[in-house]
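The values are calculated or read from the model by the stated rules, or taken from the named source; none is laboratory data. Just so it is clear, the structure is predicted and the values come from calculations on it, not from any experiment. When we count neighbours, we look across all protein chains shown, and the Cβ atoms used for this are built from the backbone with ideal geometry, even at glycine. Quick note on the areas: whole protein, heavy atoms, side chains included, nothing else; ligands and nucleic acids left out. Shrake-Rupley method; radii C 1.70, N 1.55, O 1.52, S 1.80 Å.
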Amino acid sequence: MANYCIKSDTMTQRGAHEFCLQNEGLNANSVSCQTIFYQNLLEYLQLASVKLLIKQIANPMNFALLILGPPYSTQASASALRFARAALNGGHSIYRLFFYHDGVHNASAMVTTPQDESSLPQQWSELIEQHQLDSVVCIAAATRRGVLNEQEAKRFGKTGGNLSPGHEVSGLGQLVDASLNADRVMTFG
Amino acid sequence: MDKPAIEKPEDRAILLVFRHAPYGNALAREGLEAALACGAMGATTNVLYINEGVWQLVEPQDSHAIDCKNQAAMASALPLYGVEAIWIDEDSLKQRNLTSTDINAGKIIDRTQVQALLATSQAILSF
């Protein structure tokens, strides 16, 4: 059995566990891999009485994702979603998702897909919920395209908001902030 | 092991790359709005016009008939927002039979300088 010590602030538990399983060539049903979470890796090493096999990400990065592509019409949003999953599973973190241009449609709760097709907005909401990601939808771009939260809908006299769970509407300042603070900004669109 | 501290935001430059024609798609307009936001927030901002993006700066252009705002006129607001570093890819102009007299702003740079700009920018937003 291999033990892994994972800094809990760089990775969610599930992402960390999947990472360990992949490293050991195990599938998700295997129980021979144990993941240990600890807030401070150095402190843990000092206290640990057992010798641990430690796997660390060589270069953990903090990514910001700028998503410009709509769901369905192009592959941009699906690629962004897969990139986000791969980054998180690989031990990286995501500073912020920023939905802009036609990308704001990914935050529409009104998107409805046939039963045998996956819904990108739903998958985004699930990923955001699962990893507690910061997701911002540009308010100007979203309002023009009919993606409004309850408050905005009321303000403009519309019948109801349609913003998917997990997102918040805010301004371009959040994109500037993400550009200044993330290690890398990835544009999808 | 703790992650190395993030570089101080003031040391970082944001590069916005404009690759699309001014009309037919809102990318040019919304990209420019993002550039203006970067400038308004005091971030060190570069903009690069490349490929079809060079059409955004062509003067004169009149978008009145398609009920769109004039993209070249909007771009002329960049310096007012503190965005002075406006770069244009020389090859993209040549490929479209455009010269420096056809565009209303920016400095024309060659492929090597474009590569250096891309290589040294810490954050790149592509529109």
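What to note about this one:
- For chain B, the longest principal axis of the Cα atoms and the long axis of helix B:27-40 meet at an angle of about 50 degrees.
- Taking all protein chains as shown and a probe of 1.4 angstrom, residue B:55 keeps an accessible surface of around 90 Å².
- Take residue B:74: with every protein chain present and a 1.4 Å probe, its accessible area is about 40 Å².
- Ranking by accessible area, most exposed first, for B:23, B:49 with a 1.4 Å probe: B:23, B:49
- Approximate spin-label separation residue A:130-residue B:115, in nm, with each point projected 7 Å along Cα-to-Cβ: 4.0
- Taking Cα atoms only, the orientation of helix B:111-120 departs from the longest principal axis of chain B by about 40 degrees.
- Listed residues B:67, B:89, A:177 arranged by accessible area, highest first, probe 1.4 Å: B:67, A:177, B:89
- Proximal charge balance of residue B:109 [Cβ under 13 Å; K/R count +1, D/E count -1]: -1
- Using a simple spin-label model with pseudo-atoms 7 Å out from Cα toward Cβ, residue A:140 and residue A:75 lie 3.2 nm apart.
- Note on residue B:64: accessible area approximately 150 square angstrom, rounded to 10, probe 1.4 Å, nucleic acids and ligands left out.
- Ranking of B:111, A:145 by solvent-accessible surface, largest first: B:111, A:145 (1.4 Å probe, protein heavy atoms only, all chains present).
- Sparse-neighbourhood loop sites, GluC sites (Glu not before Pro) in the range A:99-156 - DSSP loop, at most 10 other Cβ within 10 angstrom: A:117
- Calculated FRET efficiency for the pair residue B:107/residue B:59, C-beta based, R₀ 22 Å, to 0.05: 0.90
- For the pair the range A:166-184 / the range A:107-145, the C-alpha centres are spaced 17 Å from each other.
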